[in-house]
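The values are calculated or read from the model by the stated rules, or taken from the named source; none is laboratory data. A quick note: this is a predicted structure, and the numbers were derived from the prediction, not measured. Backbone-built Cβ (ideal geometry, glycine too); neighbour counts: all protein chains shown.
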């Protein structure tokens, strides 16, 4: 069993059933899990911000930081591994919490979630489950062999979605 760690603004996709893809500490960030049960291909993207227009230089060097630049590239990698949109691609969204913004001045988590949904919808995709919001962080693991997504949160335990 190999474990691939995905950092902020990164993604990984795999067709190896012996792979688990993990990201740690999703606060206001959004983890986009995509899995195709027909071809057993899955991936995980860790998005930090909704719109690349706030820093086009950063978007050019690390497009996964932003929803509008990261999602299309993530979907492209899944396609290159063999996923087609006609197949059943299951999308799960995790994160989007209100962390260190008690007065909800910036609403980064909510803005991230809305941007991700908008881009997914533009690609004729939608999430079947969302584990979002709140005021706590989450870590996520996708088991590529089974499609099971496990979430872990300090003080809250772990659960599958």
Exactly one condition in (1) free of Cβ contacts under 8 Å to residues at least 12 places away in the same chain; (2) touching a strand residue (DSSP E or B) at 6+ places or on another chain (Cβ under 9 Å) is false for residue 61; which is it? (2)
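Based on what the data block shows, is residue 82 more than 14 Å from the chain's Cα centre (by Cα) and on the phi > 0 side of the Ramachandran plot?
Against the criterion (more than 14 Å from the chain's Cα centre (by Cα) and on the phi > 0 side of the Ramachandran plot), residue 82 qualifies.
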Residue check for residue 28: in contact with a strand residue (DSSP E or B) (Cβ under 9 Å, 6 or more places away or on another chain), more than 18 Å from residue 9 (Cβ to Cβ) and either assigned to a loop (DSSP other than H, G, I, E, B) or modelled with pLDDT under 95 (or both): no
Among (1) out of contact with any strand residue (DSSP E or B) (no Cβ under 8 Å at 6 or more places or on another chain); (2) crowded, with 20+ Cβ neighbours inside 10 Å, residue 131 falls short only on (1)
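Condition test on residue 119, is it modelled with pLDDT of 95 or more and either touching a strand residue (DSSP E or B) at 6+ places or on another chain (Cβ under 9 Å) or over 20 Å from residue 64 (Cα atoms) (or both)? Outline the logic, then answer.
On the way: modelled with pLDDT of 95 or more: yes; either touching a strand residue (DSSP E or B) at 6+ places or on another chain (Cβ under 9 Å) or over 20 Å from residue 64 (Cα atoms) (or both): no.
The answer is no for residue 119.
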Of everything in segment 31-58, what is touching a helix residue (DSSP H, G or I) at 6+ places or on another chain (Cβ under 9 Å), more than 16 Å from residue 93 (Cβ to Cβ), in a loop (DSSP other than H, G, I, E, B) and touching a residue at least 40 places away in the same chain (Cβ under 8 Å)? Give them in sequence order. 39, 51
For segment 23-57, enumerate the residues that are surrounded by fewer than 18 Cβ atoms within 10 Å (Cβ to Cβ) and within 14 Å of the chain's Cα centre (by Cα). 24, 25
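Among the residues of segment 3-22, is there at least one that is at pLDDT 95 or above, assigned to a strand (DSSP E or B) and surrounded by fewer than 17 Cβ atoms within 10 Å (Cβ to Cβ)? Working first, answer last.
If we filter segment 3-22 for residues that are at pLDDT 95 or above, which is where we start, we get 3-22.
Right, trim to assigned to a strand (DSSP E or B) and you get 3-5, 11-14, 19-22.
Next, from what is left, pick out any that are surrounded by fewer than 17 Cβ atoms within 10 Å (Cβ to Cβ): 3, 5.
Scanning segment 3-22 turns up at least one residue that is at pLDDT 95 or above, assigned to a strand (DSSP E or B) and surrounded by fewer than 17 Cβ atoms within 10 Å (Cβ to Cβ).
Scan segment 63-70 and give yes if some residue there is part of a strand (DSSP E or B) and within 20 Å of residue 109 (Cβ to Cβ), otherwise no.
Keep residues of segment 63-70 that are part of a strand (DSSP E or B), which gives 66.
Now restrict to residues that are within 20 Å of residue 109 (Cβ to Cβ): 66.
Yes.
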